[in-house]
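The values are calculated or read from the model by the stated rules, or taken from the named source; none is laboratory data. These figures come from a predicted structure and were not determined experimentally. Glycine also receives a Cβ, built like all others from the backbone with ideal geometry; neighbour counts cover every protein chain displayed.
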Amino acid sequence: MKTRALLAALMLTAAWSRAARRTERPEPAALLERVLSFPSQSYAARVRVQAFGPAGAAGKAKAQTRLVRFRAPAFRRIEVAGRKAGPPALLAVSDGRELLTAWPKAGRGWLGADPPPDAAAERARLESLYELSVSTGGRAARKATWRLDLRSRADGRLRRSYWLSRAGGLILKREDYRPDGTLLRRERAVRLEAPEFSAADFLVRAPDGAKVEASTVPFDEGGAFRAREDFPVRYPRWLPVGFVLLEHPVPDGDGRSVTLVYTDGVTTLTIVERPSGPAPTAGSPYAEVRLSSGSGKLSFAEGATRLDWTRGGRDEFASGDLPEADLARVADSVPEAP
Amino acid sequence: MNGNHDELTDYLDGRLTAEGREAFEARLAAEPALARRLRLFRALRASLASTAPRMPSDLKAELKRRARSRTAAGPSWVERLLASLPSPGPGLGAAVATAALLATLQRALPARKAPPAPRPSPAVSARLAAVSSDLWTDDDGSDHED
């Protein structure tokens, strides 16, 4: 009798402990730190990326599959599968110092510096824009998750959500929303794989048959554009995965303004630099974001978000159907001087 | 930012001080990888200088037109008319009635459409198609695991 009572008490205590651990939510700041840091352990994952058009846009959503490999502390390899079997359509490899982006089927690519992520700056940007909250996140890649929501301080709407694995803190899913509440992008790890790598996986070198240029123009695939020596251009040093310079940086008629256009195939990012002065905006600014140069103003019109900021005596804006946090990171990567 | 990247371009462009140049040349002698990158940069510049195509005039004009089109859309005619009405006061009832009438008219009239996005030039369209054709496929947008 006493033995049975003791066993029952032990079982109840164990069950209560398990229940307590399950419902013990981490602090939002702790989850944000995991988001902003490289994982402590290596991993490999098959990720599905979906891009959704603005409200009223014709056509279907677009998707691509990526094979992501990460080897601690900062080695990354991303392969974007092409429509047909064979070499990947896009390959990005970083050893933490240099970034190689190559299009193996096209036989071209570029090699340049890979600036280390500035977690403090990113945290400052995100905290200036969003309120954080944590909830249970269901399952992703067959793993239980915590969900970290980032809601705009300006209008209270959800802008971004992360689903992180409870055991390890891997980002297994992410969704981005436009200021009008429509879904912009979703990235979901559909399967985690064994992190079995070879040293060659993370070598920053061109794939066989691809001509890779050590370009002085960041994200200039294949050295297609000539770096202008008569008009120094301040190129952004960071772009989301897959973006490439689409249009040559052309100065305006007076030689004082320049337009840069990038694309990843479904989204176009435009960056315009001009002398400081009255800044025309596409819509009314709805929020300010903290940048290293001060602050930037966000506006939203016609399905695109725009960020205006001033640096080095010149006004700039970045516009595109991109998450506002990504626009802010692009803006902060533009150097003070060419 | 990788300091080597900026130092390479500064060295090639002659922007380093005398001391900086000496220090950098000492590094070149001691770091074969850095010397190799310098040779690659030199070869790239020489190659681009001799083979870079001229900017098509239609592409340049298209870029300028698109930059100019990215300006604020002015207030609608309804907004301008409302802004010209007297502020609420003794005539509050008349102002409210006028605003209601204007709102009714605005709903009855065709909505003011946003200007269409500028069409890219053929050269840009071809480049965009080459980038996107193999990278993205149509999708039903559902959220599901494999």
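Assorted remarks:
- Given (1) in a strand (DSSP E or B); (2) within 14 Å of another protein chain (Cβ to nearest Cβ), number of the condition A:A85 does not satisfy: (1)
- Scope the stretch B:28-38; condition within 17 Å of A:E98 (Cβ to Cβ) and part of a helix (DSSP H, G or I); matching residues: B:P32, B:A33, B:L34, B:A35, B:R36, B:R37, B:L38
Let's see how each residue does on (1) closer than 19 Å to A:R66 by Cβ; (2) at pLDDT 90 or above; (3) assigned to a strand (DSSP E or B):
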site: A:W146; (1), (2), (3): no, yes, yes
site: A:R151; (1), (2), (3): no, yes, yes
site: A:E175; (1), (2), (3): yes, yes, yes
site: A:P195; (1), (2), (3): yes, no, no
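- Counted residues, the stretch B:130-146 - those being surrounded by 11 or more Cβ atoms within 10 Å (Cβ to Cβ) and either at pLDDT 70 or above or closer than 15 Å to A:G53 by Cβ (or both): 9
- The single condition among (1) under 18 Å from the mean Cα position of the chain (by Cα); (2) hydrophobic (A, V, I, L, M, F, W, C); (3) under 16 Å from A:D176 (Cβ atoms) that A:A331 does not satisfy is (3).
- Put simply, of A:R97, A:R46 the only residue that is in contact with a Leu (Cβ under 8 Å, 6 or more places away or on another chain), surrounded by fewer than 19 Cβ atoms within 10 Å (Cβ to Cβ) and either modelled with pLDDT of 85 or more or acidic (D, E) (or both) is A:R46.
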